[in-house]
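Report on one structure; see the data block that follows.
The values are calculated or read from the model by the stated rules, or taken from the named source; none is laboratory data. As the structure is a prediction and not an experimental result, all values here were calculated from the model. For neighbour counting, all protein chains shown are included, and Cβ atoms are generated from backbone atoms with ideal geometry for every residue, glycine included. Surface accessibility is based on the protein's heavy atoms, side chains included, excluding ligands, DNA and RNA. Shrake-Rupley method; radii C 1.70, N 1.55, O 1.52, S 1.80 Å.
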Amino acid sequence: MIKITVKLIGPLINLAGYSEKTLEFPAETTVEEILASLPIDPLRPKIVTRNGQAVAPGEKLKDGDRLAISPIYSGG
Amino acid sequence: MKGWTGHILRINLTNRTHKIETFGQEFAEKWVGGRGLALKTLWDELRPGIDPLGPENKLIIAVGPIAGVPAPNTGKTVVAAKSPLTGGFGDGNLGTRATEHIRKSGYDALIFEGQADKPIYVYIEDDKVQYFPAEDIWGKGTYDTHDYLYKRYGKGVGVLSIGQGGENLNRYAMIRSLEGRAGGRPGIGAVMGSKKLKAIVIKGSKPIPVADPEGMRKLGLDDLRKVGEINKQTGWSIQSTTGVLSWCNEVAALPVHNMRQTHHPDAWKIDGERLNNARVATYGCPNCTMRCGIAIRDHEGHESELDYENVGLLGSDLDIFELDQVGSLNYLCDDYGLDTISAGDTLAFYADAIEQGAIKGDFRFGDAEMAKKLLGQAARREGEVGNLLAEGSLRMARTIGHNSEAYAMQVKGLEISAYNCKFIPGMALAFATCPIGAHHKDSWIITFEIKQSQRDSYGPEKAAKVIELQRIRGGLFEFIVACRFPWIELGWPLDHYAEYFNKVTGLNWSLDDFWKVSDRIYALMKFFWVREFPDWDRTRDYPPMVWFDPSNADKEGPIAGKVLELDKYNQLLDHYYNQRGWDKRGIPTRQTAESLDLKDEIAEVEKYTKLE
Ligand code: SF4
């Protein structure tokens with residue numbers, strides 16, 4: 001198992017009921033698998049970063065990674 | 001003419017006279033309204049080199065053809081003048097009931113010229129213009145000023161006022177309306193103050209000329225409801241713009257310590273979640289169903305309405321991570337009528353300059369109490385420090401010396417909004433090419449850079465995206481004059497705006513017709529700058545040098561060891577200029593300007609520089 005810190009941003013916090021949590025996933029879990037496990041509409045446009053960098057589709061996560069999931073903001 | 005009233009009210013404050021002038025369909029279609037109308041007026045009427053704080057400058061208040069009509073977020077007005085902060089073109093927009101009343105009084109714009117001999121305020125009701133002494137409110141903040149005027153005229157009028165900042169010619173003073181927001185970052189409030197004009201009160205009773213009034217009413221009200229529903233579904237207003245703070249902290253784009261750092265472990269203390277939890281009230285502009293103003297109680301117990309820019313610059317950039325104290329600084333800026341962005345950047349620059357040993361002083365990062373005192377001194381220009389701070393970071397740096405200009409976080413004299421671009425090339429380009437100085441309003445591409453492009457790319461796709469956004473945000477939304485949030489935050493389609501425009505004007509424009517107006521306005525804004533600074537070169541479109549300085553790179557985190565690279569930035573700037581049809585100096589070529597129907601403007605600008 002690997003530990004991943006999931007950081008939710010903006011209204012996603014209200015959908016999931018938490019803003020930051022460290023969760024356990026099987027080794028080699030992909031970003032998509034983690035997103036699918038969250039109570040957030042899969043069709044909702046999101047921006048996902050891993051340790052502050054953009055993630056490529058199918059990217060496998062490592063123990064200790066930080067995944068930030070945000071709605072798409074376009075700037076005030 | 002439908003859509004436009006075709007009337008401009010010109011008020012001369014020196015001799016307290018006014019007249020109503022007219023314009024025709026051709027002019028209306030060429031410049032549309034808001035930013036376009038204001039820019040063209042300033043271009044035609046201002047002599048280059050005039051003192052922005054002297055009687056020759058003009059204050060333009062301009063609305064657009066869909067302003068005041070029920071449709072999503074159309075309660076905005078543009079305020080513009082030659083900027084006392086930058087010396088170039090300056091404008092901004094704000095939500096206010098004045099928008100509707102300007103239209104209902106029968107005008108598309110108000111022009112204030114000259115200078116009153118004593119403080120006054122002006123009351124406009126349809127064709128009537130009255131001048132009243134402002135002694136009772138001169139020296140008061142914007143809250144008391146609004147209270148005084150509402151007591152006298154009732155809550156339904158539109159009020160635009162300045163605070164002590166504008167009165168004392170602080171160069172980043174804004175114009176405020178308690179019915180919405182504040183606007184005019186590049187010191188437009190100081191221009192109003194220089195005219196000794198404390199406030200404008202306006203009330204109109206005429207119908208707004210709409211080509212298809214029934215169709216527009218139905219469509220507009222329906223769309224207002226739909227935007228409200230989407231807002232509810234997405235939950236955007238739960239944190240409104242302040243959700244961006246956590247995201248910037250995650251991706252190393254948060255302004256911290258005068259933008260020397262890009263993230264901070266205490267950022268969560270002032271994030272959107274905390275703000276929403278502390279919410280005591282919600283505010284919005286007229287004609288808006290996604291009210292984005294979150295008010296909290298500040299340290300002294302006032303209600304203070306915050307958005308991301310305020311929190312980023314009066315909070316993290318000053319290393320202040322107590323939300324109520326950030327609220328206090330924001331409240332003071334609002335009351336004094338100061339731009340929160342420039343105020344935050346300027347204070348951060350001052351603390352940095354002290355830390356670097358460039359100047360002596362008592363202010364340290366994180367000292368909220370001292371920051372409050374300094375804001376008061378800056379607003380009132382009290383003492384040496386107050387006078388220095390009132391000048392903004394670029395003039396301060398030039399006074400202080402010791403190479404401090406490199407870390408004065410501004411472009412063209414206007415301070416940078418709350419996105420730290422030490423390693424975000426496209427957003428750095430957006431700030432650097434923004435036509436009023438470093439403002440996020442015209443183009444915001446960080447999410448595109450992180451999600452759809454490579455962060456370290458300096459490729460043509462980023463220049464193209466900056467231009468695309470400038471056409472929409474700095475063009476369309478500023479000349480038809482509407483808040484961009486339904487489109488940018490809720491994905492409300494742009495075609496709707498063409499529909500509103502066509503229903504109001506009876507024209508049949510497509511979005512492409514709007515882009516041509518946008519490009520024309522961008523070209524003329526550049527000509528305005530070039531006429532003021534005939535030695536124009538591309539270095540004026542550079543972000544601050546500290547973003548290129550390897551010694552300023554983050555030591556840890558997502559962008560550790562990385563900063564912008566100047567040769568690559570120049571390539572990106574070339575892409576931008578090429579795609580716009582501008583030369584290597586960043587000036588529109590003759591061919592570009594001709595294609596935008598700027599024949600007279602070419603003749604004028606060529607008195608100052610030769611076009612390629
Ligand atoms: S979204 Fe916010 S800024 Fe835009 S009109 Fe509504 S309240 Fe004003």
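Before moving on, here are some points about what is shown:
- Surface burial for B against A, with a 1.4 Å probe and both sides summed, reaches about 2200 Å² of accessible area.
- Buried on assembly, region B:207-244 (at least 40 Å² less accessible surface than by itself, 1.4 Å probe): B:THR234, B:ILE238, B:GLN239
- Rounded, prolate or oblate (a/c below 1.5 giving rounded, otherwise prolate when a/b exceeds b/c) for region B:456-532 by Cα gyration tensor: oblate
- Residues with amide H under 5 Å from that of B:PHE423, placed H, sequence gap 5 or more: none
- Only Cα pairs under 8 Å and 6+ residues apart enter the sum, and on that basis the relative contact order of region B:248-368 stands at 23 percent.
- Spatial separation of Cα centroids for region B:258-297 and region B:63-113, in angstrom: 26 Å
- Residues of region B:519-542 with an amide N closer than 16 Å to a point placed 7 Å from the Cα of B:LYS584 along the Cα-to-Cβ direction: B:536-541.
- Taking region B:7-203 and dividing mean pair separation by its residue count, relative contact order in percent (alpha carbons under 8 Å, at least six apart): 24 percent
- Of the residues making up region A:9-27, those losing 50 Å² or more of accessible area when the isolated chain is joined by the remaining protein chains, with a 1.4 Å probe, are A:ILE9, A:PRO11.
- Qualifying trypsin sites (Lys or Arg not before Pro) in chain A, where qualification requires a DSSP coil assignment and no more than 14 other C-beta atoms within 10 Å, comprise A:LYS62.
- Over region A:2-71, relative contact order from alpha-carbon pairs under 8 Å, at least 6 apart, %: 47 percent
- Rolling a 1.4 angstrom probe over the protein assembly as shown with all protein chains present gives an accessible area of which 49% lies on carbon and sulfur atoms.
- Whether region B:121-222 is rounded, prolate or oblate, judged on the alpha carbon gyration tensor where a/c under 1.5 counts as rounded: prolate
- The protein assembly as shown: calculated mean residue ellipticity at 222 nm from DSSP helix runs of at least 4, using -39500 (n - 2.57): -10500 deg cm²/dmol
- Anisotropy class assigned to chain B is rounded, per the alpha carbon gyration tensor with a/c under the 1.5 cut-off.
- Straight-distance candidates among the lysines for linking to B:LYS196, with alpha-carbon spacing under 19 Å and chain neighbours fewer than 8 residues away dropped: B:LYS58, B:LYS82, B:LYS118, B:LYS140.
- Where labels lie 7 Å past Cα in the beta-carbon direction, separation of B:LYS218 and B:GLN233 in nm: 2.3 nm
- Local charge for B:ILE8 was computed over the other residues whose Cβ lies under 10 Å away, with Lys and Arg +1 and Asp and Glu -1, and equals 0.
- Residue-normalised accessible area of region B:101-253, given per residue in Å² at a 1.4 Å probe: 32 Å²
- Sorted on the mean count of surrounding Cβ atoms within 10 Å across their residues, most packed first, peptides B:10-20, B:200-210 read B:200-210, B:10-20.
- Mean-position separation - Cα centroids, region B:126-168 and region B:574-609, in angstrom: 42 Å
- Sites A:LYS21 and B:ASP456 - FRET efficiency at Förster radius 25 Å, r taken between beta-carbons, to 0.05: 0.20
- Solvent-accessible area per residue for region A:2-71 (1.4 angstrom probe, square angstrom): 47 Å²
- Charge tally for B:GLY475 (other residues, Cβ to Cβ under 13 Å; Lys, Arg +1; Asp, Glu -1): +1.
- Near B:ARG260, once Lys and Arg are set to +1 and Asp and Glu to -1 for all other residues with Cβ below 12 Å from its Cβ, the sum equals -4.
- Within chain A, longest stretch free of exposed GluC sites (Glu not before Pro) [DSSP loop, at most 16 other beta carbons within 10 Å]: A:29-58
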